[in-house]
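S.K.: First the structure, then my questions, so here it is.
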Amino acid sequence: MQYRSIIRPDLSCALSLTLTFIFWCIAGYPVAIDAPAVAPHHKLQSVSYAPFEKDQTPLNPKGLVISDRRIDADLAILSRRFNGIRTYSAIGLENVPRYAKKYGLKMLLGAWVGADPVVTEKELQTAIELTRRYPDVVQAVVVGNEALLRGEVTASQLVEYIHQVKSALPGVPVTYADVWEFWLKHPRIAPATDFVTIHILPYWEDHPVSIDDAVAHVQKIRNEIAQKIPGKEILIGETGWPSEGRMRKGALPSPVNQARFMRGFVQLAAKEHWRYNLIEAFDQPWKRDKEGAVGGYWGLYDQNRTDKHVLFGSVSNFPNWKALAAISALTVVFTLWIGYRFSSMSGLRWVFFTAAGVIGAVLIVLQGNQFFIISRNILEYVWAVIVLGQAVVVYQMGLYAIASGILPPCSDIHETLDFLRGQRRYVSGISTSLLWLSILICALIALLSLLFDARYRSFNMYGFLIPALTFMGFSYADVGLKNTRDAVERLIALILAAAAIGVWINETPLNGQADVWVLDCLLLAWPLWRKNRDASLRPLLSAGVLLITAYAILAAMKYGFLNSDAMGVLCAARPEVALCRFRSLLGVMMYYQIFGAAALILATLAVWRDSVRLSMAALVVCLCSFIFYNAGMGAVAFVIAGLVLAHRKVGRGAADSPTTPPQ
């Protein structure tokens, strides 16, 4: 027996490390792409080029300097694979044509068209000047990129800009570039151009296309445009696939899928004799601020100008798998103290301990790797630390419970909130209770953000899966589980379940990342609902009806009025109309996150004053933040104000609370 106690921890550790290595070896193993590789000596037509370094952004042009050395080095790389490049702006990139000429590259020279007519005019004049200076480099001028999509100009204004450039550059082809749908929505544009430049991005379609159907989708759309805009040459000005980011329905970003799409498209384009421009040359981290994590990972080369092997060779979805395997192994090693402390565990318990150790270590590293890829600013790094920290603590707690057979003491959320408000001086298992409350708060914040504004948000499914599984396991291991009748816990369970189903409906079952996230939320919700099955939510009924009514009114105002096509046409033609000024004001408030900030302020005041009325006011403003795309701050405020409201409305009071710890 003593021999078994000594050998079992060592066997468990060896098995855990072996299984961890096998997992990462399989996950990171390079995959042979079924589409034919593009030979290194075979040059492609054109690629979108932006010269920004990994820490540079055109969104804050003050102090931004594009060095000639950067442009020179970049175009030296691209000249080995491409015959041409496409740029999107002329101002600040005046030296790009000079280096393009040096390396024999042709250019689709872009002039940025935006809402500011003064800046647009400078762009057009700069593009005209560069085209005159480098007539042997500039093949065509692209007047504007997705300006109609952004709603920054009208079709009439755009036609005037195109005619202005054509008049100044006789003999030079001039075009406009936008998502394919907008050429059909604005039929006045095509006759003004020399050729049509369309963007076809299967991942970004309103109904995202899976990788299996992506190349066929491009062919279908390209043929449709050729039929509906006859007599015009067509350039596919942007097409590609992201290597990282959130899944959209069945469209999964990954290095393997990026390689599959690019190789398949190049093969089809050569067969059909299409003109095309791929997006894009280098990963652009700055795009994550506007497009979410996925925006930064469309490049054929990464931000350090390293080839991602998109066009040839085998591809791994985890090219850094060896480092990830090492971190997982270290995570497993850090659990050894638990195994050695309870080395006399039964064989079955050792099996559970080993399995939990491997699964937890892999999930923690998967989540850490995702956060490393998607985090953009200090707030998101703080969020990453919180979610990962919670997962690590619960991971250790779960392993300790398996090894010892002892569940950590934990009181209900109502008592925990009493403690935080100073109404209880002692609560059994307060540290565990605070941990679970923190996890539930984070889960609610993430869930509500995904429900109301999911387009650019990633699913942190691995980080919450560990607490969800552990929470569920503790619930079923607690044979003496009692009905605590905590209405706050029951309300949280209801919101988790209802919002998770909403996310699932929005994302469809095709989205595997969303499926795991919904599972996380349901696993968190079920124990809360199960152990509070007799708790009544009737005191919150009136508040719920008021919030649902307010949301319906706000949604009707937004989708039936402010975002209507008729309103858009009216405001484009007559921006001075009072309703259009109100619409513009709402846009400014959305951009500067006014609704979210106001909701946070009111929620903070509600906590400070412990006020039901302030909580209700905060919740109504939170609905505004959900409707008008301030969902991040709105979700935080909604959870804070909601807890205050629920605790006050269904509170059991502090009269029965012990004021001193039991002897």
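The values are calculated or read from the model by the stated rules, or taken from the named source; none is laboratory data. Bear in mind that the values here come from a model prediction, so they are computed numbers and not experimental data. For neighbour counting, all protein chains shown are included, and Cβ atoms are generated from backbone atoms with ideal geometry for every residue, glycine included.
S.K.: Against the definition (outside the structural domain of ASP213 (by TED's automatic domain parsing), out of contact with any Phe, Trp or Tyr (no Cβ under 6 Å at 6 or more places or on another chain) and either assigned to a loop (DSSP other than H, G, I, E, B) or over 22 Å from GLU53 (Cα atoms) (or both)), how does VAL310 come out, yes or no? Steps first, please.
M.R.: Values: outside the structural domain of ASP213 (by TED's automatic domain parsing): yes; out of contact with any Phe, Trp or Tyr (no Cβ under 6 Å at 6 or more places or on another chain): yes; either assigned to a loop (DSSP other than H, G, I, E, B) or over 22 Å from GLU53 (Cα atoms) (or both): yes.
Answer is yes for this residue.
S.K.: Another one. Could you say which residue among GLY596, GLY568, GLY587 is assigned to a helix (DSSP H, G or I), crowded, with 22+ Cβ neighbours inside 10 Å, at negative phi and outside the structural domain of PHE452 (by TED's automatic domain parsing)? Please lay out each step first, then the result.
M.R.: Values: GLY568 fails: crowded, with 22+ Cβ neighbours inside 10 Å; GLY587 fails: crowded, with 22+ Cβ neighbours inside 10 Å.
Just a single option satisfies the conditions, and that option is GLY596.
S.K.: How about the range 418-436: which of its residues are in contact (Cβ under 8 Å) with a residue 24 or more places away in the chain, among the hydrophobic types (A, V, I, L, M, F, W, C) and surrounded by fewer than 22 Cβ atoms within 10 Å (Cβ to Cβ)? Spell out how you get there, then give the answer.
M.R.: So in the range 418-436, the residues in contact (Cβ under 8 Å) with a residue 24 or more places away in the chain come out as 418, 421, 423-426, 432, 435-436.
Next cut, among the hydrophobic types (A, V, I, L, M, F, W, C) only: 435-436.
Residue satisfying the conditions is LEU435 alone.
S.K.: Return yes or no: is GLU53 more than 17 Å from LEU158 (Cβ to Cβ) and not small (Gly, Ala, Ser)?
M.R.: yes
S.K.: Test of understanding: among ALA391, ALA499, which residue is crowded, with 20+ Cβ neighbours inside 10 Å, at pLDDT 95 or above and within 30 Å of TYR559 (Cβ to Cβ)? Write out each step before concluding.
M.R.: Working: ALA391 fails: within 30 Å of TYR559 (Cβ to Cβ).
Testing whether each residue is crowded, with 20+ Cβ neighbours inside 10 Å, at pLDDT 95 or above and within 30 Å of TYR559 (Cβ to Cβ) leaves just ALA499.
S.K.: Here's a follow-up. Could you identify the single residue in ALA115, ALA127 that is within 31 Å of the chain's Cα centre (by Cα) and without any contact (Cβ under 8 Å) to a residue 40 or more places away in the chain?
M.R.: Values: ALA127 fails: within 31 Å of the chain's Cα centre (by Cα).
Exactly one of ALA115, ALA127 is within 31 Å of the chain's Cα centre (by Cα) and without any contact (Cβ under 8 Å) to a residue 40 or more places away in the chain, namely ALA115.
S.K.: Still on this model: From the list ALA525, ALA543, ALA514, exactly one residue is surrounded by 14 or more Cβ atoms within 10 Å (Cβ to Cβ), touching a Phe, Trp or Tyr at 6+ places or on another chain (Cβ under 9 Å), in contact (Cβ under 8 Å) with a residue 24 or more places away in the chain and assigned to a helix (DSSP H, G or I). Which is it? Please lay out each step first, then the result.
M.R.: On the way: ALA525 fails: touching a Phe, Trp or Tyr at 6+ places or on another chain (Cβ under 9 Å); ALA543 fails: touching a Phe, Trp or Tyr at 6+ places or on another chain (Cβ under 9 Å).
Checking each option against the conditions leaves just ALA514.
S.K.: Still on this model: Out of everything in the range 59-104 that is surrounded by 14 or more Cβ atoms within 10 Å (Cβ to Cβ), part of a loop (DSSP other than H, G, I, E, B) and in contact (Cβ under 8 Å) with a residue 40 or more places away in the chain, what residue ends up being nearest to the chain's Cα centre (by Cα)?
M.R.: Looking at the filtered set, the residue picked out is TYR88.
S.K.: When you check TYR203 against the structure, is it assigned by TED's automatic domain parsing to the domain that holds PRO242, crowded, with 18+ Cβ neighbours inside 10 Å and under 16 Å from ILE279 (Cα atoms), yes or no? Give the derivation first.
M.R.: Details: assigned by TED's automatic domain parsing to the domain that holds PRO242: yes; crowded, with 18+ Cβ neighbours inside 10 Å: yes; under 16 Å from ILE279 (Cα atoms): yes.
It is true that TYR203 is assigned by TED's automatic domain parsing to the domain that holds PRO242, crowded, with 18+ Cβ neighbours inside 10 Å and under 16 Å from ILE279 (Cα atoms).
S.K.: As an exercise: evaluate TYR629 against (1) more than 24 Å from GLY292 (Cα to Cα); (2) not in a helix (DSSP H, G or I) and give the number of the one condition it does not meet.
M.R.: Against the list (1) more than 24 Å from GLY292 (Cα to Cα); (2) not in a helix (DSSP H, G or I), TYR629 comes up short only on (1).
S.K.: Here's something else I'd like to know. Looking for something surrounded by fewer than 21 Cβ atoms within 10 Å (Cβ to Cβ), of a type in the set (D, E, K, R), in a strand (DSSP E or B) and assigned by TED's automatic domain parsing to the domain that holds ALA39 - is there at least one such residue anywhere in the range 261-282?
M.R.: There is at least one residue in the range 261-282 that is surrounded by fewer than 21 Cβ atoms within 10 Å (Cβ to Cβ), of a type in the set (D, E, K, R), in a strand (DSSP E or B) and assigned by TED's automatic domain parsing to the domain that holds ALA39.
Yes or no, residue by residue, for (1) exposed (fewer than 13 other Cβ atoms within 10 Å of the Cβ); (2) aromatic (Phe, Trp, Tyr); (3) assigned by TED's automatic domain parsing to the domain that holds VAL644:
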position: THR549; (1), (2), (3): yes, no, yes
position: LEU562; (1), (2), (3): no, no, yes
position: PRO575; (1), (2), (3): yes, no, yes
position: TYR592; (1), (2), (3): yes, yes, yes
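S.K.: Test of understanding: among ALA293, ALA325, which residue is closer than 22 Å to MET247 by Cα, hydrophobic (A, V, I, L, M, F, W, C) and either at pLDDT below 95 or in the same structural domain as PHE459 (by TED's automatic domain parsing) (or both)?
M.R.: Numbers: ALA325 fails: closer than 22 Å to MET247 by Cα.
Of ALA293, ALA325, the one residue that is closer than 22 Å to MET247 by Cα, hydrophobic (A, V, I, L, M, F, W, C) and either at pLDDT below 95 or in the same structural domain as PHE459 (by TED's automatic domain parsing) (or both) is ALA293.
S.K.: Within the range 320-339, track down each residue that is under 30 Å from ARG80 (Cα atoms) and surrounded by fewer than 16 Cβ atoms within 10 Å (Cβ to Cβ). Explain how you work it out, then say what you get.
M.R.: The first filter runs over the range 320-339 and keeps only residues under 30 Å from ARG80 (Cα atoms), leaving 320-321.
Listed by number, the list holds a single entry, ASN320.
S.K.: Right, something else. For the range 378-407, how many residues are part of a loop (DSSP other than H, G, I, E, B), free of Cβ contacts under 8 Å to residues at least 60 places away in the same chain and not β-branched (Val, Ile, Thr)?
M.R.: Summing the residues that are part of a loop (DSSP other than H, G, I, E, B), free of Cβ contacts under 8 Å to residues at least 60 places away in the same chain and not β-branched (Val, Ile, Thr) in the range 378-407 gives 1.
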